[in-house]
1. With the requirement that a residue be farther than 25 Å from residue 207 by Cβ, of a type outside the set (S, T, N, Q) and free of Cβ contacts under 8 Å to residues at least 24 places away in the same chain, what does the stretch 90-125 give you?
2. Counting residues that are out of contact with any helix residue (DSSP H, G or I) (no Cβ under 7 Å at 6 or more places or on another chain) and either surrounded by fewer than 22 Cβ atoms within 10 Å (Cβ to Cβ) or charged (D, E, K, R) (or both), which helices (runs of 4 or more DSSP H) fully inside the stretch 175-269 reach at least 3?
3. Of everything in the stretch 137-161 that's aliphatic (A, V, I, L, M) and open to solvent by 30 Å² or more (accessible area, probe 1.4 Å), which residue is nearest to the chain's Cα centre (by Cα)?
4. Residue by residue through the stretch 37-66, note down the ones that are part of a strand (DSSP E or B) and among the acidic types (Asp, Glu).
5. Filtering the stretch 105-131 down to residues that are surrounded by fewer than 21 Cβ atoms within 10 Å (Cβ to Cβ) and of a type in the set (S, T, N, Q), which residue is nearest to the chain's Cα centre (by Cα)?
6. Does residue 58 satisfy the condition of being open to solvent by 40 Å² or more (accessible area, probe 1.4 Å), in contact (Cβ under 8 Å) with a residue 24 or more places away in the chain and under 19 Å from the mean Cα position of the chain (by Cα)?
7. Of everything in the stretch 76-89 that's in contact (Cβ under 8 Å) with a residue 12 or more places away in the chain and open to solvent by 50 Å² or more (accessible area, probe 1.4 Å), which residue is farthest from the chain's Cα centre (by Cα)?
8. Taking only the stretch 20-45 into account, find how many residues are in contact with a Phe, Trp or Tyr (Cβ under 8 Å, 6 or more places away or on another chain) and either of a type in the set (Ser, Thr, Tyr) or surrounded by 21 or more Cβ atoms within 10 Å (Cβ to Cβ) (or both).
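The values are calculated or read from the model by the stated rules, or taken from the named source; none is laboratory data. Source: prediction; values computed, not measured. When we count neighbours, we look across all protein chains shown, and the Cβ atoms used for this are built from the backbone with ideal geometry, even at glycine. Heads up: the accessible areas ignore ligands, DNA and RNA and are worked out on the full protein's heavy atoms, side chains in. Shrake-Rupley method; radii C 1.70, N 1.55, O 1.52, S 1.80 Å.
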Amino acid sequence: MASVGASLFSNRPPLSWEFAALTDVGRARAHNEDDLHVDAALGLAVLADGMGGYKGGEVASAMAVSLVHASFARWFAQAGPQAPARVIRRALQAATDEANSAILEAGIANDELQGMGTTLVLAAFRPQRVLVGHIGDSRCYRLRNNKLEQLTRDHSLRQQQLDAGAITAEEALHSPHRNLVTRAVGVEAQVVLEMHEHTARPDDLYMLCSDGLSEMISDAQLFTLLNHDVELQQKAALLVAIANDNGGRDNISVVLAKARVGDAPGAAY
């Protein structure tokens, strides 16, 4: 089951989480440099979009996802489901540090992997809160009360230009810098996982995705698709299909997490 414990100090009902996940090579790439993993028992979802060419990108994203999951699982086995948010934050940063060091060292040791790196977006889903962390331009969105909100802010040159007022939102859609990230895992000796905590509510729908999905589907279309009345795994498949229909210029990956009162089905791929 996806339920992982409840706070003793809140009157709100504890929530469990239903998950669905899907990754696709898209229509323009020969190889899939995205990777993802959902562990319903831990309430953990991890998604990465590799960089550095076919071999390097695939290796970096796979290492990030595997090492973050393994590190968090070891921590969870010791700390248990009642650990406070500040401790979970430290565990997620420690897991990211482990992955960052391993990817950087592998790139130095192997000429074929030199310069590889990866974005990272992850979330720890608890019975009454969600901790979201990200590095790069892989994103997390939340659909709540018929409102879609982007919870992460891209670490990218395009976002910096937007923040500085150098380009408009319309110009940003066609920016030549839209794929240039300013923060990545495995590129420098240290990297900071930007983290934010959110209160969980019944029927919340969280979406983690690579830019192969967010670049191919407008916010308006994304809102419509996430509201579509189908099972969660069908919704993930629909999102990937529409991203492909709209061009599929990159690998496409998505994780969906739905908050339920009572037991949820768990994870599906």
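1. Passing the criteria: 90, 94, 105, 108, 109, 111.
2. Helices (runs of 4 or more DSSP H) meeting the threshold: 219-226, 232-245.
3. In the first step, residues of the stretch 137-161 are kept if they are aliphatic (A, V, I, L, M); the result is 143, 148, 151, 157.
Right, trim to open to solvent by 30 Å² or more (accessible area, probe 1.4 Å) and you get 148, 157.
Details: 148: 16, 157: 19 Å.
Selected residue: 148.
4. Going residue by residue through the stretch 37-66, those that are part of a strand (DSSP E or B) are 37-39, 44-51.
Answer for the stretch 37-66, where residues must be part of a strand (DSSP E or B) and among the acidic types (Asp, Glu): 39, 49.
5. Among those that are surrounded by fewer than 21 Cβ atoms within 10 Å (Cβ to Cβ) and of a type in the set (S, T, N, Q), it is 128.
6. Numbers: open to solvent by 40 Å² or more (accessible area, probe 1.4 Å): yes; in contact (Cβ under 8 Å) with a residue 24 or more places away in the chain: yes; under 19 Å from the mean Cα position of the chain (by Cα): yes.
When the stated conditions are applied, residue 58 passes them.
7. Filtering the stretch 76-89 down to residues in contact (Cβ under 8 Å) with a residue 12 or more places away in the chain leaves 76, 79-82, 85, 88-89.
Now drop any that are not open to solvent by 50 Å² or more (accessible area, probe 1.4 Å), which leaves 81-82, 89.
Details: 81: 21, 82: 23, 89: 16 Å.
Residue satisfying both the conditions and the ranking: 82.
8. Total satisfying the criteria: 9.
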